[in-house]
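Working notes, structure below.
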Amino acid sequence: MPAPKRFRNVSRTGPVQVGTSYDGRGREKHTAACTAPRCGFSADYDSRAAAELAARTHRCPVR
């Protein structure tokens with residue numbers, strides 16, 4: 001079982017949090033994840049700028 005990710009440099013843009021961590025191979029990855037109820041959006045990116053762009057442009061689906 002892999003160890004849980006340890007995020008650093010976490011920021012928040014609206015309901016989306018962006019954090020930086022290392023993957024299993026030691027490469028830096030940036031994750032954007034929505035914290036709104038029943039949204040489920042999260043994605044990994046190679047650059048911080050891409051993750052922050054995804055956070056700024058994310059729209060939660062209407063349910």
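A few remarks follow.
- When Gly24 is tested against (1) among the small types (Gly, Ala, Ser); (2) within 23 Å of Cys60 (Cβ to Cβ); (3) part of a loop (DSSP other than H, G, I, E, B), only condition (2) is not met.
- Only residues that are in contact with a strand residue (DSSP E or B) (Cβ under 7 Å, 6 or more places away or on another chain) and farther than 18 Å from Arg27 by Cβ were counted across segment 43-63, and they come to 6.
Residues checked against (1) touching a residue at least 24 places away in the same chain (Cβ under 8 Å); (2) among the acidic types (Asp, Glu); (3) assigned to a loop (DSSP other than H, G, I, E, B); (4) surrounded by fewer than 14 Cβ atoms within 10 Å (Cβ to Cβ):
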position	(1), (2), (3), (4)
Pro4	no, no, yes, yes
Val18	yes, no, no, no
Ala33	no, no, no, no
Ala43	no, no, no, no
Ala55	yes, no, no, no
Pro61	no, no, yes, yes
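- Options Arg38, Arg8; residue that is under 13 Å from the mean Cα position of the chain (by Cα) and either hydroxyl-bearing (Ser, Thr, Tyr) or surrounded by fewer than 11 Cβ atoms within 10 Å (Cβ to Cβ) (or both): Arg8
Bear in mind these aren't lab numbers, they're just calculated from the coordinates by the rules spelled out. The model shown is predicted, which means the values in this text are computed figures rather than measured ones. So basically every Cβ, Gly included, is an ideal-geometry build from the backbone, and we count neighbours across all protein chains shown.
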